[in-house]
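Read the structure below first, then the notes.
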Amino acid sequence: FARSLAGTGHVRVFASGRHVFQPGLHVKQALHRAVNEIGLVQSVPQTFKYISSILNSRVYDICSESPLLLAPKLSSQIGCRVLIKREDVNPTFSFKVRGVYNVLAHLIESEREAGVVAYGTGNHALAVAHCSQFLGICCTIYVPLGTSPRKIEALHTYQGCSVQMAGATLAEARSAAEEAANLQRRTLVRRDHPLAIAGNGTIASEIMKQTTAEDVDTVFVCTGSGSLLAGVGTYIKAVRPDITIVGVEPEESAAMTAALAAGHVTSVGSGGAFADNAAQVEVGQESFRLAQMVVDSMIRVSTDEICAAIKDVFEDQRVVLEPAGALAIAGMMQYHRSGGLRNKTVVAISSGSNMDFNRLRFVSERSDTEEVLLSVTIPERPGAFKEFYSCVHPRLVTEFSYRASFPVNKQYPATASILAAFQTFSSDDKTTVIDKLTSRGFRVRDLSDNELAKVHIKHLVGGRAPAGAAPGEVLLRFEFPDKPGALDDFLTKMPDQFNVSLFHYRNHGADVGRVLAGICVPDTEAAKKEFLSYLAQLDFRWFEESSNPVYRDFLV
């Protein structure tokens, strides 16, 4: 049976948009049509063993039925009824305990006494440690060298769990775990063990019970090794074959997409690091075998799309999902943009919330799909910076970076390049701002989709000013209440005759706005007096930093 399904055959992959792959992924198209029309068990009777295994899984010894919650904001945003299956509320904050516990609960006494082995640093390893402790089984987790101490400490909190460092990569840790399991006659807890797939399939049985009053059209499923996709798809295609099953992967490690297109399991390289709990270089053989029959579509999503999905779910459910946990929501949003969803009821499985706190800043920066990043060239003259800002105001500015770069020379009109990030109301609003800047004679370059600018250049803008570029420069650090209109008020109070030679502002989401500004004060008594008068009338704190050694080391 398995060989017949995994046999070679004509594979058709239909592309729709940048990432979406439409039905036609299966090796045998006739089988796919039969599954969707009459159901999986009727088409392939041997698969009934999986339905029986799902219904008899032991998962409820350790976890409860997870909630299926309406997402009102997401529903309004895409014009569909969006239901989120909250697997992030399980023990270890991931769906993984379902499959892992179902495997361990079926071990015979001698296998339990021998202990179990696993590999990895993410949710699977945590689930093995947690379930082993629950059942009183000793476990050894093999992790690559260089694994963060935080992850190792998390595993050590479980009684009976030991951690072994092995190899530089996850593949080498896997080899070490397999070797140890063979030599020590211990059970290797595989991600795509049939009992793990069945345990994960209980999610689908819950969805079906929780939606008896709903007409579900599509279910979106996070895909890493493929066991969640296989389990959910198998059950749903057996009881509701009309429901579309969509798997979602990170675009840098789309192992299931590659396998379904090739007709066999294939490696996709080193895998990705961002959605690390779903970053697999290849999927499991058993998961792939089932996916060939039950998956209707695969979607690959970018890092920015994942970050946007994390933000969307937080604003809707007030939970911070990990990158892999937000994959299904990211895929749903992309599927909607491609025209695949209109007035439907859809389910997205939030598979985990083990978010690394250190990643939150990156997620925050990359999740704002309404933020525009522009490079704007303005003339180096007093008042030009305020004129530029007037074209952006009253939109929320998230960052300004600018440094004088050319010496003042009457023979050569100096210009300045500003990197500005701000939020717009729509794509039309962005066009309005760009047109306004262009009409003032400013040269504008849109960097919103420029990866180099977003990741590196925005942090490197500025540097040293050439000799003569900022005569009489005074470096000042300002702090003011960061509220609507505060930045505009700050710039409005600055006298026009003083040239701004350096400006850096970044919205940190704090209650205090911080600006670093270089202001060129002419070397006359009148100018210095007026400058001091300007500082005296300010309603916020300021500090002169002209003598700060960091200023001399990096800016002049």
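The values are calculated or read from the model by the stated rules, or taken from the named source; none is laboratory data. Because the structure is predicted, anything quoted here is derived from the model rather than measured. Every residue, glycine as well, gets a Cβ built from its backbone with ideal geometry; the counts of neighbours run over all protein chains shown. Heads up: the accessible areas ignore ligands, DNA and RNA and are worked out on the full protein's heavy atoms, side chains in. Shrake-Rupley method; radii C 1.70, N 1.55, O 1.52, S 1.80 Å.
Need one word for segment 502-556: rounded, prolate or oblate. Basis is the Cα gyration tensor (sqrt eigenvalues a ≥ b ≥ c); a/c below 1.5 gives rounded, then a/b vs b/c decides.
Oblate shape, in that a/c is at least 1.5 and b/c is the bigger or equal ratio.
Distance from the Cα centroid of segment 494-556 to that of segment 453-488 is 9 Å (rounded to whole angstrom).
Dipole of segment 344-491, Cα-centred, from +1 at each Lys and Arg C-beta and -1 at each Asp and Glu C-beta, to the nearest 20 debye?
Using only the charged Cβ atoms, the result is roughly 360 debye.
Of the residues PHE531, PHE554, ranked by 1.4 Å probe accessible area with the largest first, the sequence reads PHE554, PHE531.
When each of the peptides 216-223, 154-161, 80-87, 435-442 is scored by the mean number of other C-beta atoms lying within 10 Å of its residues, the order from highest to lowest reads 216-223, 80-87, 154-161, 435-442. Working from Cα positions, state the angle (0 to 90°, nearest 10) between the long axis of helix 227-239 and the longest principal axis of the chain. Computed tilt is about 60 degrees.
Can you tell me the orientation of helix 194-210 relative to the chain, as the angle in degrees between its alpha-carbon axis and the longest Cα principal axis, to the nearest 10? Once rounded, the angle reads 70 degrees. What the Kirkwood sum gives for segment 44-132 is a hydrodynamic radius of 15.4 Å, with every pair of different alpha carbons counted. Think of the chain as a dipole: +1 on every Lys or Arg Cβ, -1 on every Asp or Glu Cβ, centred on the Cα centre; then among VAL320, VAL44, LEU538, VAL44 lies furthest on the positive end. Considering helices alone, the calculated mean residue ellipticity of the chain at 222 nm is -11500 deg cm²/dmol, with DSSP H runs of length four and up weighted by -39500 (n - 2.57) and normalised per residue. Accessible surface of the chain, 1.4 Å probe: 52 percent of it comes from carbon and sulfur atoms.
Cα-based radius of gyration for segment 230-365, normalised by 2.2 N^0.38 Å, reads 1.05. Divide the volume of the convex hull around the Cα atoms of the chain by the residue count and you get 175 Å³ per residue. Per-peptide packing, taken as the mean over residues of other Cβ atoms within 10 Å, places 543-553, 243-253, 57-67 in the sequence 243-253, 57-67, 543-553 from highest down. Pairs over the 26 Å Cα-Cα cut-off, from the set LYS49/LYS151; LYS386/LYS458; LYS436/LYS493; LYS209/LYS344: LYS49/LYS151. Over the C-alpha trace of segment 75-219, radius of gyration and Dmax come out as 17.5, 56 angstrom.
Amide H contacts of GLN164: ILE141, TYR142, VAL143, each under 5 Å away and 5 or more positions distant or on a separate chain (H built 1.01 Å from N in the peptide plane; Pro and chain starts excluded). Over the chain, accessible surface divided per residue gives 44 Å², non-protein components excluded, 1.4 Å probe. Mean silhouette area of segment 328-431, derived from the convex hull of its C-alpha atoms and averaged over all directions, reads 10.5 nm².
Ranked by the mean number of other Cβ atoms within 10 Å per residue, highest first, peptides 225-238, 457-470, 351-364 order as 225-238, 351-364, 457-470.
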